[in-house]
Amino acid sequence: MECITNDDAGLSIAKKVASFKAVEDFIESGMRVGLGSGTTVVYAAQKLGELIKSGKLMDIKCVPSSYQAKQLIQNAGLRLTSLDESNLLDIYIDGADEVDSNSNLIKGGGGCLVQEKIVAYNSKRFIVIADYRKDSKVLGQNWNRGIPIEVIPVAITPVQIFLNGSIEGAGPAVLRMSHEIMGPARTENGNFIIDWHSSLLNKQDIHWNELYQRIKLLPGVVDIGLFLNMADIVYFGFPDGKVDIRKAISHKYDI
Ligand code: 5RP
C-alpha cells in the first residue's frame, strides 16, 4: 500500500523511516495499540498492516484517537478495539507538532488533542514518531502556531480574555478558523480550539506544568495540547533515511 500525503519526497521519507523503525522496535504479536492522528502515523498504520498481512505479527488490535485514525486502522486491515474493551493499551504511537529536549510535546495541530491525550494516558508506553523538523530545544522554538487549547464554545470569550491578559505568559489567544466552512474550526467533540501564542514560548526554563494546571482549571477548557512528561521515546526521521532515537529521562525500557 502506498501512502499519499502532500509532503515533499524528503519529508515523506523522514516520516516513513521514523514510523517503520518504531513499529519494528516496539510492536509485538498480541499487543493492544493506540494509534494517533496526523500525516506521520499514516506510515505506522501502513507498516502494521504489512506485518499483519505477511504473518509476522498476529492478534493486534488498535484504538484510534480520531476518525482519521479509525480509517487508517480499517484501511490497513487492522482490527479495531476501544478503551472500554481494552482499557490499558501496550503502546500508544503518535506524531507531535514539536518535541523539546525533555521530550515534552506540543500536540493538537490536527485538532485531536483531547482523544490523543486520553489514549496516550491509558497506554503503558508512549512512542512519538516525528520528522526532523519537530526537534526543538524548547517549546515554541520551531513550532510557531501556538499551543492548541480545546474549549467548549460557550466559554470561548472568557478563556480568550484570560489567556490574552490575565495569566503569566499572556499572549494572543487566537480562535482557530475552519479552512472548509465559514467560521471556527470544530473538533470531533464539537468544541472550538484556541491557538495560544504565549509569550513564554521559545524561552528557556519555563515551568509549563504550573501553567498547564492553571489553564486546565478554567471552566470550559477541555484540555491543552501540552503533553508533559508523557512520551517515553521519540523517533526522529531524516530525509536520508537516518533515525535518531531519544529516550525520555523517565524512560524505563531497554532499546
Ligand atoms: C494532531 C496531532 C498530530 O500528532 C500532530 O499534528 C503531528 O502531525 P503530523 O504527523 O502530520 O506532523 O497532534 O492533533
| remark: Along the dipole axis of region 115-227 (charges at Cβ: +1 for Lys and Arg, -1 for Asp and Glu; origin at the Cα centre), the most positive-end residue among Met182, Phe126, Ile147 is Phe126
| task | At 7 Å along the Cα-to-beta-carbon direction for both Glu210 and Ala9, put a label point, then send me their distance in nm to one decimal. | result | 5.1
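What ratio of Cα Rg to 2.2 N^0.38 Å holds for region 147-224? Numbers along the way, then the final one.
Values: Rg = 12.4 Å, N = 78, 2.2 N^0.38 = 11.5 Å.
Its radius of gyration relative to the 2.2 N^0.38 Å reference: 1.08.
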| remark: Taking Cα pairs closer than 8 Å and at least 6 residues apart, the relative contact order of region 147-224 in percent is 43
| message | Students often forget the sequence filter, so: which lysines lie under 26 Å Cα-Cα from Lys70 once same-chain residues fewer than 8 apart are removed? | response | Lys15, Lys16, Lys21, Lys47, Lys53, Lys56, Lys61, Lys107, Lys117, Lys124, Lys134
| Which whole-Hz ³J(HN,Hα) couplings does region 36-52 yield from phi under the Karplus relation 6.51 cos²θ - 1.76 cosθ + 1.60, θ = phi - 60°, glycine and proline marked x? | x, 10, x, 8, 7, 5, 3, 6, 5, 5, 4, 5, 4, x, 5, 5, 5
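Mind checking the dipole of the chain: about its Cα centre, +1 per Lys or Arg Cβ, -1 per Asp or Glu Cβ, Debye to the nearest 20? Please report the intermediate quantities before stating the final value.
Values: 27 positive and 30 negative charges, 29 e Å.
In debye, rounded to 20, the chain gives about 140.
Report the FRET efficiency, 1/(1 + (r/R0)^6), for Leu80 and Glu24, where r is their Cβ-Cβ distance and R0 is 22 Å, rounded to 0.05.
Values: r = 22 Å, r/R0 = 1.02.
Result of the calculation: an efficiency of 0.45.
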| query | What Rg and what Dmax come out for the chain when only alpha-carbon atoms are used, in angstroms? | reply | 17.9, 57
| Relative contact order, percent, region 1-131 [alpha-carbon distance under 8 Å, six or more residues apart] | 30
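Hey, fewest Cβ within 10 Å first, where do Phe126, Phe162 land in order?
The order, fewest Cβ neighbours first, is Phe162, Phe126.
Any read-out appearing in this document is the output of simple, stated calculations on the displayed coordinates, not a laboratory observation. Source: prediction; values computed, not measured. Cβ atoms come from the backbone with ideal geometry, glycine included; neighbour counts cover every protein chain shown.
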